[in-house]
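J.: Have a look at this one before I ask anything.
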Amino acid sequence: MADAASENSQWKGSEVTDLINIWGDRSIQAKLEGPYRNKAVFEEIATEMNERGYRRSRLQCQRKIKSLRAKYKEVKDWNKQSGRQRITCPFYEELDCILGDKPSVQPLELLDISKCSKTFMPVQAVLHKFCKMFKFKCEGYIFAKFD
């Protein structure tokens, strides 16, 4: 039990595992993706953490999940680029089960502009310019960016 857990204390591995398990529950994910207020959902997560013996606030849980998501996305983006040594992060497998197919990690649609006919070349040029402006990867494809 984490009695001494204070506002600034480090998260233990077992505590993070429990947080991920609670956050990854289908009903919690459905609420986060639905019309529910995130504050209420994270209060529910904090309550469940307290029931498991951890003293964590809604804000602590929300910040930890935000940090885990950011680290996971950083690793996922790094590993997508060819020629790079694959890396990982703590709890990568657990996070991949939850986040692997989310639009913030995987684009919903890809548009192949390399198959555009010559009449659409001005559109293709505009799309390439757009890619460069917003730092999208643009090599014949436009990848949707969801951040």
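J.: Around Trp11, under 9 Å between beta carbons, what's the net of Lys plus Arg minus Asp minus Glu among the other residues?
T.: Details: positive: Lys12, Arg56, Lys64; negative: Glu15.
Cβ neighbours under 9 Å give a net charge of +2.
J.: Output wanted: per-residue J couplings in Hz (rounded whole) for the range 66-82, from phi through Karplus 6.51 cos²θ - 1.76 cosθ + 1.60, θ = phi - 60°, x for Gly and Pro.
T.: Working through the residues one at a time gives 4, 5, 4, 4, 5, 5, 4, 5, 4, 5, 4, 5, 4, 6, 6, 7, 5 Hz.
J.: Now a separate question. Largest first, please: the extent of the C-alpha atoms of the range 13-100 along each principal axis, to the nearest Å.
T.: Computed over the range 13-100, the largest-to-smallest principal extents equal 45, 30, 19 Å.
J.: So if each residue of separation counts as 0.36 nm, and I subtract the Cα-Cα distance between Asn38 and Arg86, what length gain in nm does that give?
T.: Details: separation 48, 0.36 × 48 = 17.28 nm, distance 3.31 nm.
Roughly 14.0 nm would be gained on extension.
J.: Past the 18 Å Cα-Cα mark, which pairs from Lys12/Lys80; Lys73/Lys102; Lys76/Lys102; Lys80/Lys102?
T.: Working: Lys12/Lys80 29 Å; Lys73/Lys102 11 Å; Lys76/Lys102 12 Å; Lys80/Lys102 15 Å.
Going by Cα-Cα distance, Lys12/Lys80 fall outside the 18 Å limit.
J.: Right, here's the next one. Considering only the other residues whose Cβ falls under 9 Å of the Cβ of Cys89, what net charge follows from Lys and Arg at +1 and Asp and Glu at -1?
T.: 0
J.: How large is ³J(HN,Hα) for each residue in the range 26-42, as worked out from phi by the Karplus curve 6.51 cos²θ - 1.76 cosθ + 1.60 (θ = phi - 60°), to whole Hz, x for Gly and Pro?
T.: 3J(HN,Hα) across the range 26-42, in whole Hz: 4, 5, 5, 4, 5, 5, 5, 8, x, x, 5, 6, 4, 4, 5, 5, 6.
J.: When ligands, DNA and RNA are left out and all protein chains stay put, how many square angstrom of accessible area per residue does the range 13-100 have with a 1.4 Å probe?
T.: 61 Å²
The values are calculated or read from the model by the stated rules, or taken from the named source; none is laboratory data. In this text the structure is predicted, and so the values were computed from the model without any measurement. Reconstructed Cβ throughout: ideal geometry from the backbone, glycine too, with neighbour counts over all protein chains shown. Surface accessibility is based on the protein's heavy atoms, side chains included, excluding ligands, DNA and RNA. Shrake-Rupley method; radii C 1.70, N 1.55, O 1.52, S 1.80 Å.
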